[in-house]
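Just so it is clear, none of the values below were taken in a lab; they were calculated from the coordinates. What you see is a predicted model, and the numbers here were worked out from it, not measured in a lab. So basically every Cβ, Gly included, is an ideal-geometry build from the backbone, and we count neighbours across all protein chains shown.
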Amino acid sequence: MVDLNDGDGNSFTVELSKYGKLVKMDVLAEVFGLYSLREENLVIFRFEDGKEVIESLKQVAKEHQIQAGAILSGIGMLRDFEVSFYSREKAGYVTSKFNEPVELLSLSGNISQCNNQTFLHLHVALAKEDMKAIGGHLKKAMVHNTIEGIIIKFSKIKLTRDPETRILSMSK
């Protein structure tokens, strides 16, 4: 049995009866190709092919009211992405752009607030078809096939970023 209830226009609740137990899921509308479930302070997500990764993660954070948290894990495939490396000598980021599909070996980072907006600090480890690895700060990316991952929501810890320096501050 499946019951659909429209939450805020973009999401709905699915109730499934499995083996005599009621299972409740919060899912972003299928039209967005974003799926997420929450159990206490853990959120599991999956994004479909063609979704922009950073905006999709921000949408999941909004859906689950995550002001501060950590992206513990992310795996799958990406394409049309940019990664960067901070160079002290150049006093800035050196960015490389790629179009071809790559394996997402690891996605990690944190979720904080900067000027009352969700700020994602993301790092990736990726493997090309020739098995060579690349990595760095994820600046943008499209999902190729799918990605899936886990986020932990902090309930008492607050993470904020300075608008000018982007340095992280932590408080309770």
Problem - For Asp162, Asp49, order by how many other beta-carbon atoms lie within 10 Å, fewest first - result: Asp162, Asp49
Problem - Equivalent ellipsoid, region 35-171 (semi-axes from 5 times Cα gyration tensor eigenvalues, Å) - result: 24, 20, 11
Problem - Amide H within-cut-off set for Tyr93, under 5 Å, with H built and near neighbours excluded - result: Ser87
Handout entry: About the Cα centre, charge dipole magnitude for region 35-171 (Lys/Arg +1, Asp/Glu -1 at Cβ), debye
Key = 480
Problem - Inter-label distance, nm, simple model (7 Å from Cα along the C-beta direction), Ser169/Phe98 - result: 3.6
Exercise for the section: Please turn the phi angles of region 34-43 into ³J(HN,Hα) values with the Karplus equation 6.51 cos²θ - 1.76 cosθ + 1.60 (θ = phi - 60°), one per residue in order, whole Hz, x for glycine and proline. Expected result: 10, 10, 8, 10, 10, 10, 6, 9, 9, 10
Problem - Taking Lys128, Lys172 and counting other C-beta atoms within 10 Å, the order from fewest to most - result: Lys172, Lys128
Problem - Sorted by Cβ density within 10 Å, fewest first, the residues Glu164, Glu63 - result: Glu164, Glu63
Fill in the blank from the handout: So, with points 7 Å from each Cα along the Cβ direction, the Lys156-Ala133 label distance in nm works out to 3.6
Practice task
Towards the positive end of the charge dipole of region 39-99, with charges on Cβ (+1 Lys, Arg; -1 Asp, Glu), say which of Ser73, Gly92, Ile54 has the farthest Cα.
Solution key: Gly92
